[in-house]
Structures are given as C-alpha cells and as structure tokens.
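Bear in mind that the values in this text are calculations on the coordinates, not laboratory data. Just so you know, these numbers come straight off a predicted model, no measurement behind them. Here the Cβ positions follow ideal geometry from the backbone for every residue, glycine too, while neighbour counts run over all protein chains shown.
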Amino acid sequence: MSRIKLRLMAPGTTEAENYSDSAALREFNQTIQSAMNQLLVDSRPNRLRRHQLSKILLREGSDRPELVERIDEFYQIPPRQRSDREFARLFGIKPYPWLRNQFDLNFGQAEVPEVLLYKLSLKVRDFIKSRFTFPGEISNAQMFHLVLYSLTRPRWDEPRSSIDLNDFVRVWRRACLKWFGDRYQIFFKILLDRVNNVEFEVDILNPSSLADLTSNPSAGDQSLTQTELDWLKRVLTSIQLDWSPPAFPLSSGPQNKVTREIEKVCRILHLQSQTQILPATDEARLKEHLSLRCREWLSHYNQYQPLTKAELRTVLREIKAKKEKTRSNHV
C-alpha cells in the first residue's frame, strides 16, 4: 500500500521534505467527508434545536402532547426507517419536503455522542498510520478526538456541514498551535498546500463539477467578512470585463467553505487565461456559475450593485491611468 512521507525538519529550520501520493490524500478526504456525514446521521438535536422543532411542528398544526419527547423518539428510529408514516404517527401531521428538511441537522444543531467521537478518532489514527508518516506527537487518538470535538462544535465563522479534509487539517493545525506553539507550522503549511493541490488536480480533470458550487446563502451556516465581500465584488467585475479573476486578498487563504469554493474556480479561470486548457463551453459555464454565486452572496448582504456600461468604462480608464502612472514612475 502506498505511503506518504511528510518529514518535518528539526524545530527552527526553514526546510522540509515532502513526499506525497495524491491518491492517498484523496482517500483521506473521502474518509473524513463520509465519517463526518455519518456523525450527523447518528446524532440527535441539541436542546435548542429540539425546542425550535417543537415550535415548527406547532405552527404546522401538530396537536400532539409532549412534542419534545416525540422528537427524541423520532431520532431514535434508524434513519432509513424514518418514513412519512412514522412522522405522521408521532406528530399527527403529514410531512412535506420543507418540513422534513427541518429535521436534517448540522453540527450547530446536533449533539454528537462522545462515544462516536472516540471511535472516529481511533479510525482516523489507524488510517493515518497505515498510509502516512506523520509526527507521532500530533497524530494520536487524543489529538484527533480534540480536533473532532472542535469540528462538531463549530464557531460562528466555521462550516457546520460538508466538512472535508481542508477543514479537518485547519482545525488540527489550530489545536497543535495551542498545545505545541509554532513547532509544527511548517508541517501544516506543507500538508495544506498538498491538500489544496490535490483538489486542484481533481478539478482540472473534471472542470464541470466546479460549476456545482454547494454553499448557498439560504443554508444559513456561513458568513462572510467585508474583506471577502469586497473580493467577491472584484471577482464579479473581472467576469464582466472578461479579465482573469483577482487572487484572494489574504495571505492565510480562504477560511470558509464559501470563499474556498469560489477561489477554486478563480484559480481554474486564471490558469485558463494562460493556457487555454479548457474548451470554450466549459470556460463559459464556469464564468456563468461563478457570476451567479457572487451575485447571490452579495445580494444576501445587500451589497450587489451591477455596473452599468458607463461605470465599466470608468473602471477601465482608472486602471489605464494607474498603469501609465506606474510606468512613468519606473522611467
């Protein structure tokens, strides 16, 4: 079985050797995604979410007593057996798609049993030992239990669903920074670069999948800073002007699902502007979906104002003037 060797040099050095296998990283990503999704399936709503669900059921016309207890009983039913008949039996109303969707949990709404976190931390440790050579001090079950605990209790600015390897490594790095200082920061920089490069390689092979961006403002589990919104505005302007999209403005890179998805498409379009590696139809489709997603998020924050032709000409003149000024300063 192939192994990855990511060898960290002694603390204080500036070089690190990186021997990696893209297939193993992709398998690691799939393992994390499927395991985190299964955690949500096996979890129960927390106290606040149970209260919210009981209010929703009352508004929908349920007259059954002790709704909170009935909600607990519903989640004790194996997921594949939570039929419409069981729903109607417990709550006295016929479910429809929107109502059933309210019973799908994210990590901001779920109580994940500790025993499931412990079992998954052992699974992650064994998986890593079988395919990677990572520093033992930071790749034990206790460390991964801490990482999983943080992922299943996200902060307000962290994803609450669709957790992938990128999310896992970022929380892992944060935990190691807390316990070990910056001793392993070179290691995590290399690992995150490899994870991002593997995602990039997959996207090049299947560019049409990039158009199916999953983050949506209506999901309510993502939020953007003003810096990120300003970047979305520049991305949208670049599409209107048929330019290569601007790079993400922060050196730390995108920190949430929304900006990572959009930045991924921007990187593909930037490569396309240099190499013409994609057919014109794929390029047009990516630009269309990227533009749509930027407008959705900007509109969600009431910051979408489409540029008129006159405003576009003004932008072009300003950019041309800046270039001429820069050129004259260099002369």
Could you rank the peptides 163-173, 61-71, 290-300 by their average count of other C-beta atoms within 10 Å per residue, with the highest value first? 163-173, 290-300, 61-71
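Work out the length of the dipole vector of the range 44-104 about its Cα centre, built from +1 on the beta-carbon of each Lys and Arg and -1 on the beta-carbon of each Asp and Glu, and round it to the nearest 20 debye. Mind showing how you got there, number by number?
Values: 14 positive and 9 negative charges, 30 e Å.
The dipole magnitude comes to about 140 debye.
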Surrounding net charge for SER34, when Lys and Arg each add one and Asp and Glu each subtract one, Cβ distance under 13 Å: -1
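For a 26 Å ceiling on Cα separation, which of these pairs sit above it: LYS123/LYS189; LYS257/LYS287; LYS94/LYS119; LYS55/LYS94?
On the way: LYS123/LYS189 24 Å; LYS257/LYS287 19 Å; LYS94/LYS119 37 Å; LYS55/LYS94 16 Å.
Where the Cα-Cα span goes over 26 Å, the pairs concerned are LYS94/LYS119.
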Can you tell me what the convex hull of the Cα atoms of the range 44-104 projects to on average, as an area in nm²? 3.6
Could you tell me the center-to-center distance, by alpha carbons, between the range 228-286 and the range 96-148 in angstrom? 31
Can you sort HIS145, HIS270 by how many other beta carbons sit within 10 Å, fewest first? HIS270, HIS145
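Using a Förster distance of 35 Å, how high is the FRET efficiency between ASP182 and THR281, based on the Cβ-Cβ distance and rounded to 0.05? All intermediate terms of the calculation are to be shown ahead of the outcome.
On the way: r = 46 Å, r/R0 = 1.33.
Step by step, r from the Cβ atoms, then E = 0.15.
For TYR184, TYR301, TYR96, TYR75, which order do you get if you count the other beta carbons within 10 Å of each Cβ and list the fewest first? Can you show the working numbers first?
Numbers: TYR184 21, TYR301 14, TYR96 10, TYR75 18.
If I rank by nearby Cβ atoms, fewest first, I get TYR96, TYR301, TYR75, TYR184.
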In square nanometres, what is the average projected area of the Cα convex hull of the range 90-190? 8.7
Net charge, PHE74 excluded, C-beta distance under 9 Å - Lys, Arg +1, Asp, Glu -1: -1
